[in-house]
């Protein structure tokens, strides 16, 4: 059985796989909880992706004969054409590799809506080209509050009116409708160049946006986890 670990900016997620079939998914609030889980299990192979803590330290806690840390040096099932691969977030590359299982022969745009909103593009020949990064929902709300003297800190709600009739309502309208417009605009620009483009939405705010974006999209909240498993299978077979 395979184990994949995704350590993000705000949470830690693990998943088990038997081949390419997903099993149990767990979420932990900190490293202590994760290490406790690892101390009670063993695996055939494992991979760690971390954008916030030392992945090597976590790797040492895993009981598995084959285990890997996702870095820019690890072999991938795609051609990475990013100009600075050493600066590329491991979660971004994992999400792209997850899209291969969903759309192996199509150009694909992966949109990850989490702490940041990332857009990443891989063509039908498995060439990863790059993408873009912008602030996520919470970051935009906090920025408006932090860099002004009077705007309040507000939280997201499921729906936001186009015309806010209060300061809080106006902030929600600007942030949430602004993100939706951003997504629709970026998707359309990619589709202008790649008409058969597949669009995959993942990340913690997937459910919030999946029915609010105009173009047809495929929602895959655990895309990073399945992508890590794809990378793990690729390396375990070498």
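Rule-based calculations on the coordinates, nothing more; no lab input. In this text, all values refer to a predicted model and were calculated from it rather than measured experimentally. Backbone-built Cβ (ideal geometry, glycine too); neighbour counts: all protein chains shown.
Going highest first, how would you order 52-59, 112-119 by mean Cβ packing within 10 Å?
Averaged packing, sorted descending, gives the order 112-119, 52-59.
Between the alpha-carbon centers of region 185-220 and region 21-67, tell me the distance in whole angstrom.
Each part reduced to its Cα centre gives a spacing of 30 Å.
Quick check on the chain: helices-only [θ] at 222 nm, where DSSP H runs of length 4 and up contribute -39,500 (n - 2.57) each and the sum goes over total residues. Nearest 500, please.
Calculated at 222 nm, the ellipticity per residue is -9500 deg cm²/dmol.
Any idea what angle helix 137-146 forms with the longest principal axis of the chain, computed on alpha-carbon atoms, 0 to 90 degrees, nearest 10?
In the chain, helix 137-146 runs at an angle near 50 degrees to the longest axis.
Using the count of nearby Cβ atoms within 10 Å as a rough guide to exposure, how do 121, 218 rank from fewest to most?
Numbers: 121 20, 218 16.
Least to most surrounded, the residues fall as 218, 121.
Among 213, 32, 12, which one moves the most in a GNM of the chain with springs linking Cα atoms closer than 10 Å?
Judging by the Gaussian network model, the answer is 32.
Express the C-alpha Rg of region 109-238 as a ratio against the empirical globular expectation 2.2 N^0.38 Å, rounded to two decimals.
Ratio of Rg to 2.2 N^0.38 Å for region 109-238: 1.21.
What percent do you get for the relative contact order of the chain when only Cα pairs under 8 Å and 6+ apart count?
21
As a test, work out the antiparallel percent of DSSP beta bridges whose residues both lie in the chain, rounded to the nearest 5. Intermediate values should be presented prior to the final figure.
On the way: 25 of 44 bridges.
Bridges in the chain that DSSP calls antiparallel: roughly 55 percent.
Dividing the alpha-carbon radius of gyration of region 1-85 by 2.2 N^0.38 Å (N being the number of residues), what value is obtained?
Values: Rg = 13.1 Å, N = 85, 2.2 N^0.38 = 11.9 Å.
Working it through for region 1-85, the quotient is 1.10.
How high is the FRET efficiency between residue 74 and residue 52 when r is their beta carbon distance and R₀ equals 25 Å, given to the nearest 0.05?
It comes out at approximately 0.85.
Could you tell me the relative contact order of region 1-129? Use alpha-carbon pairs under 8 Å, at least six residues apart, and round to a whole percent. Please report the intermediate quantities before stating the final value.
Values: 218 pairs, mean separation 23.9, N = 129.
Relative contact order, region 1-129: 18 percent.
Distances longer than 13 Å among the Cα atoms of region 141-198: what percent of all pairs is that?
Percent of Cα pairs beyond 13 Å in region 141-198: 65.
Determine the shape class of the chain: with a ≥ b ≥ c the square roots of the Cα gyration tensor eigenvalues, call it rounded for a/c under 1.5, and otherwise prolate if a/b is greater than b/c, oblate otherwise.
It comes out oblate by the Cα gyration axes.
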